[in-house]
Amino acid sequence: MQWTDRIRQVKIVLVIAAVLIAVASLAVSHFLVRDLSDEERTKMEIWAQALNALNNADENTDVSLVLNVIQGNNTIPVIVMDPGGRVTDYRNIDIKAGNAADSAAYVSELGRRMYNSGRYIRIDFGTEKKDYQLVCYDESTMLKRLYSYPYVQLGIVLIFVVVAIFALLSSKRAEQNKVWVGLSKETAHQLGTPISSLMAWVEILRENYPDDELIPEMNKDVCRLERIAERFSKIGSLPEPVDASLNEVLDRVIDYMDKRTSSRVDFVRCFPDHEVTVKMNASLFEWVIENLCKNAVDAMEGRGRIVLTMLDEHDRVIVEVADNGKGIRRKDMKNVFTPGFTTKKRGWGLGLSLAKRIVEEYHSGRIYVKNSEVGKGTTFRIELQK
């Protein structure tokens, strides 16, 4: 549990760091664009003064210098209009193919837009109020690109981060799967020898004490160990599902758990009257239900009621395991199937994660917490397709 909380805290710190980096990048870009915008306005003021000097030129005016300033603007779109709104000159305006036939109207409309947006400089060249020109300008292509550049940059970085996280999680999941598969097969291999020895001893005891009532019970436990070893040996492979009675599987689990738990724990069956057949690996699915029941017994601390419900619907079969134990906290509900997560003082936190894998990967089903309330109990639901 502490390990899972630490991972969650690391994720939160990384998200906060990413947000701060994004905000800082946008802030720096904003200041850079603002400075460039001010610089472009200064250039246009100089360009307007050069145009005014050209309009008022005499024999003492250095026309070559003025023309160099006017012709030096090759990036900033500019439109010169008279007081009546008629275009007298323009530079760096891209006349689109669709507007070629009516370029004058297009440039005039573009100039009005520049004026309405506040990007214009007034040039007075006479004493009359009508003796002026408007130098309307727009942002350069470079400045417009700088506006969108931070968002493109953040988008690319975000894509790389998502791909890196996905690759990391996939690698981690594959490594965990290898560890689980290796551990499971090694466990099955190690259990094989003592189980075979126990089976031989049970046969010897049965021959010497044929009327002893405890020997059949010992044999059931040995057979149980054999099935457990078989389950572990199948982890990592894809066993072929076959038609099996879900009623019988659930009955076997209840009978087994009922004899090995406190008498203060009641098991309640809510099954349909007819037999329900589903394609499954009975041994593995039986282990899933057994694991849910054991968790329920632990949650009730050895006293309470476990209700196993089976619903036979048109296209699916539903199995619910409900208890009236201590429940699951809301913040922990999304982590109950996470490998390593456990609320017990003792435990590896692998039971529910393996149960999820068996249900979803081996049986193409779904398992989740239907509802849970602290102090009242928890209900797990399994959905299997027919």
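For D266, nonlocal amide neighbours, meaning residues 5 or more places apart or on other chains whose placed amide H falls under 5 Å from its own, are G304, R305, I306.
Taking 1.567 mPa s as the viscosity and 4 °C as the temperature, the Stokes-Einstein diffusion coefficient of segment 219-323 based on its alpha-carbon Kirkwood radius rounds to 88 µm²/s. Close amide H contacts of G365 (hydrogens built in the peptide plane, cut-off under 5 Å, sequence separation of 5 or more or a different chain): E360.
Size of segment 182-245: Rg and Dmax of its alpha carbons, in Å, are 14.7, 42.
Determine the dipole magnitude for segment 221-300: charges of +1 sit on the beta-carbon of Lys and Arg, -1 on that of Asp and Glu, nothing else is charged, the reference point is the Cα centre, and the result goes in debye to the nearest 20. Walk me through the numbers on the way to the answer.
Numbers: 11 positive and 15 negative charges, 62 e Å.
Dipole of segment 221-300, to the nearest 20 debye: 300 debye.
Can you give me the span-like helices of the chain, meaning DSSP H runs with 18 Å or more of Cα extent along the axis and Kyte-Doolittle mean at or above -1.0?
On the way: long enough: 2-55 (79 Å, 0.45); 103-116 (20 Å, -0.51); 141-208 (98 Å, 0.47); 214-234 (31 Å, -0.54); 246-259 (20 Å, -0.34); 282-300 (27 Å, 0.53).
Helices passing the filter in the chain: 2-55, 103-116, 141-208, 214-234, 246-259, 282-300.
State log₁₀ I(q)/I(0) for segment 135-230 at q = 0.13, 0.17, 0.23 Å⁻¹ as given by the Debye formula over alpha-carbon point scatterers of equal weight, solvent excluded. Values returned for q = 0.13, 0.17, 0.23 Å⁻¹ are -0.72, -0.87, -1.09.
Using the Cβ atoms and a cut-off under 11 Å, what net charge is assigned to the surroundings of Q385, where Lys and Arg are +1 and Asp and Glu are -1? If you can, show how the numbers build up before the last one.
On the way: positive: K279, R316, R366, K386; negative: E313, D315, E383.
Taking every other residue near Q385 into account, the sum is +1.
Mean residue ellipticity, 222 nm, helices only, the chain: the sum of -39500 (n - 2.57) across DSSP H runs of n ≥ 4, divided by residue count and rounded to 500, is -19000 deg cm²/dmol. Basic side chains Lys and Arg get +1 at the Cβ, acidic Asp and Glu get -1 at the Cβ, and with that the dipole of the chain about its Cα centre reaches some 960 debye. Debye-formula intensities of segment 288-362, expressed as log10 I(q)/I(0) at q = 0.18, 0.20 Å⁻¹, are -0.82, -0.99 (one equal scatterer per alpha-carbon, no solvent).
Kindly report the accessible area of the chain per residue (heavy atoms of protein chains, probe 1.4 Å, no ligands, DNA or RNA), in Å². Spelled out: the 1.4 Å probe surface of the chain, per residue, equals 62 Å².
As a ratio to 2.2 N^0.38 Å, the alpha-carbon radius of gyration for the chain is 1.86.
Using a probe of 1.4 Å, the accessible surface attributed to V157 totals some 80 Å² when neighbouring protein chains are kept in position. From the alpha carbon centroid of segment 258-277 to that of segment 50-69 is 101 Å.
Give K279/K356; K356/K386; K185/K220 a once-over and call out the pairs whose C-alpha atoms are over 21 Å from each other.
On the way: K279/K356 17 Å; K356/K386 18 Å; K185/K220 23 Å.
Where the Cα-Cα span goes over 21 Å, the pairs concerned are K185/K220.
Expressed as a whole percent, the accessible surface of the chain that belongs to carbon and sulfur atoms is 56, based on a 1.4 Å probe.
The values are calculated or read from the model by the stated rules, or taken from the named source; none is laboratory data. Worth saying up front: this structure is predicted, and the values here are computed from it rather than measured. Cβ sites come from the backbone with ideal geometry, for glycine too, and all protein chains shown count toward neighbours. Calculation scope for accessible area: heavy atoms of the full protein, side chains included, ligands and nucleic acids excluded. Shrake-Rupley method; radii C 1.70, N 1.55, O 1.52, S 1.80 Å.
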